Amino acid sequence: MKKHSGSAWKYLRISGISLLLGLLIGAAVIAVLGKNPFTAYYNLLQGCGFLEKEKYAGGRSQLSDLSSFIDYLTPMILAALSVAVAMKAGLFNIGISGQMLTAAFTATVLVGYSPLPAGIAKPLVLLIGAAAGGAAGALIGYLKYKFNINEVVSSIMLNYIVEYIVSFFIVTRFVDPISRQSRPVSDASRLTLSEIKISGIKYDIPLGFIVAVAASLLLAFILDKTVLGYDLKAVGANRRASGYAGIHVSKNILTAMLISGILAGLAGVTYYMGYVATIEPKTLSDVGFNAIAVSILGNNSPGGIFLASIVIQIIDKGATYMSSQQTLEVEIASVITSVILLSSACGLFYGEIGEKLRNARTAARKQHRGKEAAQ
Amino acid sequence: MNSIIIDGMSFTLPLFIMAIGGIYSERSGITNLALEGLQGMGAFIGALAAYIAVNCFGMPQGSAYYLAFLFAIIGGAVYAMLHALLCIRFKANQVISGVVINLLATSLTVFLTKSINKAAFGAASNKIDLGVSARYTVPGISNIPVLGAFFTDVYPFELIIVAAAFLAWFVMYRTPYGLHLRACGDNPHAADAAGLDVARIRFTAVMVSGALSGIAGMSFAYSIFAKFSGDLYVGYGFLSIAALIFGSWTILPTLGACMIFGFARSAGYQLVQMAGLPSAYSDLIMILPYVLTLILLMFFSKNNQSPRALGEVYDKARR
């Protein structure tokens, strides 16, 4: 256990260094463009409600910005957890965007357009989202263990298939003629209480955030404290060895993809029926792809993912306010994010440098001591 | 029928050359999910070069076209060095590196396009216009029924791709370098023991994948999109990864997989047009290539074997 927490510290250090490096390079770029990097970074935090802006539009405040930020954060946490579960079992789920869309579309059609009251509709949306996402994830696992189809290929194929099928049904059945997107879902079924007025200030209260926190805790428990978690990690670490050790490899592949799909499904409903209320045809959300990066920065652990999601989403969401204040292009934010991630990908290398430095230091000390003894 | 072949080939070939790039990288042992970013970066550099050559130096469109491809190859190869550096020198996780390289390419090229347009050309625009390239028909052969369609309305880049693909096949299967490359992907320890420089071979293989992806990106920019913009990142890179895994990391079967994607796509469009269906139905037809791929994979995946050392960091000290 002690060793485990030690490696967590080491990882936190590496992520910290990466973050610093990314922010420094970003600052250099911003400075080259003739803007003040400190104000720019200050704007990022202002945009997410962590710091106060100079002025607010009517009915908004710092707290309402923070509530929208958490609303934006929720699907990312769930999607990144989805990446992590699969990754733990040695699988690369690149189909999260497709699974999100599957879940959200199913829940939108079944519950979002129904007259059900909020008390029934909201839990039902979560349930249907989890079920549909889980089914989509399990299908990829099934194709892998039954037919040996590489999960990267099948999930890319399913991404396209879902994208086009959903687009077809939206355009032919559920389209809003003005926005060209799907008709918005009912407020009763939506997982975010949008623009709720409390003493004159509007808030977006994300109920899905509770689900995200619960999912993080549950997943941490499953991975660290249960046989299932142990088996999943063993399969991920060495498929053949765990097979010899009597672990049912294919069953675990299926289970990992099922859990991954469920989490992706929950991410889907909190995004399409929470953060927004409509589905845009012929597009997959970026959340599913960026979640891969977030999960990696968070070292595939639920706690790490929670922190990493906050960092990445601050840069992502704050960018809108920053670009409006500084007349910088919005994309500068993604550039900074990429540099942070690039730098964190080299974690193994940093570890090696650290080890070399330590070795050199001990060697020097030994030499020094040897000299003292000789004298 | 003819237009199915004509449109099908103009989509198949860029996909194929990108997949060959992926094969080079992966057969040398480096997982390459970065193809999407490599093709985008290549297309951006190429488009920028052509745009500057035409608008600042008055180069005719015809020669700018070839200049664009030259720069796309260079741009793709140079950008791929980042992936190689991370995976080989810095021992990064190769999947992670690939994903991040894509992210960086998308954000950086769109950012630069906007900034350069604003700063240098004084216009707020998020694209570099190129126009669709001219097409050529080979007289004589093109009159042969069915087969002739392969020589009708051909984009010049298709010729570049066929030549590059043939060269790539030759190098991979008929030269010592190709043999060494494949050895590095299957057993780097043995390759090292035999005196090969594993790191250098892998480095060059990743650069080749960048160069070939650059050709692909430039081809898409000159045909489907007629410009460089963020729209270029629609996932064709991932599609070609699917094709190369389907083709079991070998060049000729991969061509087959790419043709399925290309022809099912163009046949689908044709079908919707001929049946006079509303355009929404083309969405339904568009799933055909992907469903077909999944079904085919069910039959052909049993023996699908990736290069044995794929994705492993090669550590000399552990030999």
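May I ask for the net charge around B:Arg200, where only other residues with Cβ less than 14 Å from the Cβ of B:Arg200 are counted and Lys, Arg are +1 while Asp, Glu are -1? Once all neighbours under 14 Å are counted, the net charge is +1. Expressed as a whole percent, the accessible surface of the range A:44-190 that belongs to carbon and sulfur atoms is 64, based on a 1.4 Å probe.
Please say if the range A:60-174 is rounded, prolate or oblate, where rounded means a/c under 1.5 for a ≥ b ≥ c the square roots of the C-alpha gyration tensor eigenvalues, and otherwise the choice is prolate for a/b larger than b/c and oblate otherwise? It comes out oblate by the Cα gyration axes.
What net charge is computed for the residues neighbouring A:Glu163, neighbours being all others with C-beta under 15 Å from the C-beta of A:Glu163, Lys and Arg scored +1, Asp and Glu -1? For residues surrounding A:Glu163, the net value is -1. For chain A, dividing the convex hull volume of the Cα atoms by the residue count gives 190 Å³ per residue. Here the simple spin-label model places points 7 Å from the Cα toward Cβ, and for A:Glu52 and A:Lys225 these points are separated by 4.2 nm. With an a/c value under 1.5 for the gyration tensor axes a ≥ b ≥ c computed over the alpha-carbon atoms, the protein assembly as shown is described as rounded.
What shape does chain B take by its C-alpha gyration tensor, where a ≥ b ≥ c are the square roots of the eigenvalues and a/c under 1.5 counts as rounded, a/b above b/c as prolate, and the rest as oblate? Verdict is oblate for chain B. If R0 is taken as 30 Å, the Cβ-Cβ distance between A:Glu352 and A:Ala241 corresponds to a FRET efficiency of 0.75.
Are any of the pairs A:Lys233/A:Lys282; A:Lys35/A:Lys55; A:Lys10/A:Lys366; A:Lys225/A:Lys356; A:Lys317/B:Lys114; A:Lys197/A:Lys317 more than 29 Å apart by Cα-Cα distance, and if so, which? Beyond 29 Å between Cα atoms: A:Lys233/A:Lys282; A:Lys225/A:Lys356.
Inter-chain neighbour count for B:101-111: the average number of beta-carbon atoms from partner chains within 10 Å of each residue's beta-carbon is 6. Across the protein chains, with a 1.4 Å probe defining accessible surface, the residues B:Phe225, A:Phe168, A:Phe221 rank A:Phe221, B:Phe225, A:Phe168 from largest area downward. For the range B:96-110, putting each phi into the Karplus relation 6.51 cos²θ - 1.76 cosθ + 1.60 with θ = phi - 60° gives couplings of 4, 4, x, 4, 6, 4, 4, 4, 5, 4, 4, 5, 5, 5, 5 Hz, in residue order, rounded to whole numbers and with x for Gly and Pro.
Considering only C-alpha atoms, what is the centroid distance from the range B:63-84 to the range B:202-269, in Å? Answer, in whole Å: 15. Note on B:Ala123/A:Ala374: beta-carbon distance plugged into 1/(1 + (r/R0)^6) with R0 of 60 Å gives a FRET efficiency of 0.20. Membrane-span-like helices in chain A (whole DSSP H runs, Cα extent of at least 24 Å along the helix axis, mean Kyte-Doolittle hydropathy of at least 1.0): A:62-88, A:118-147, A:151-169, A:208-225, A:249-270. Within chain A, the longest segment free of exposed loop sites, counting GluC sites (Glu not before Pro) that fall outside DSSP classes H, G, I, E and B and have at most 15 other Cβ atoms within 10 Å, spans A:55-375.
Peptides B:203-215, A:138-150 ordered by packing proxy, namely the average of other Cβ atoms within 10 Å per residue, highest first: B:203-215, A:138-150.
Convex hull volume of the C-alpha atoms in the range B:217-319, normalised per residue: 154 Å³. The dipole here belongs to the protein assembly as shown: it is taken about the Cα centre, uses +1 on the Cβ of Lys and Arg and -1 on the Cβ of Asp and Glu, and is about 2120 debye. Each of the peptides B:62-75, A:32-45 was scored by the mean count of other Cβ atoms within 10 Å over its residues; in descending order, highest first, they stand as B:62-75, A:32-45. Extents of the range B:99-170, largest first, come to 51, 31, 18 Å (Cα atoms, principal axes, whole angstrom).
Accessible surface calculations at 1.4 Å, restricted to protein heavy atoms, place the range A:61-318 at 37 Å² per residue.
Lys and Arg at +1, Asp and Glu at -1: add these up for the other residues within a Cβ distance under 14 Å of A:Met100 and post the number. So the environment of A:Met100 carries a net charge of -3. Counting Cβ atoms of other protein chains within 10 Å of each Cβ in B:285-297 and taking the mean gives 5. Annotation for the B:A interface, with buried accessible surface near 4100 Å², both sides summed [1.4 Å probe; non-protein components not counted]. Surface exposure of chain B, expressed per residue as accessible area with a 1.4 Å probe, stands at 41 Å². Shielding by partners for peptide B:159-170, expressed as the average number of C-beta atoms from other protein chains within 10 Å of each residue's C-beta, is 0.
The values are calculated or read from the model by the stated rules, or taken from the named source; none is laboratory data. What you are looking at is a predicted structure, and each value in this text was computed from that prediction instead of being measured. We place every Cβ from the backbone using ideal geometry, glycine too, and count neighbours over all the protein chains shown. Areas reflect the complete protein model, heavy atoms only, side chains present, ligands, DNA and RNA absent. Shrake-Rupley method; radii C 1.70, N 1.55, O 1.52, S 1.80 Å.
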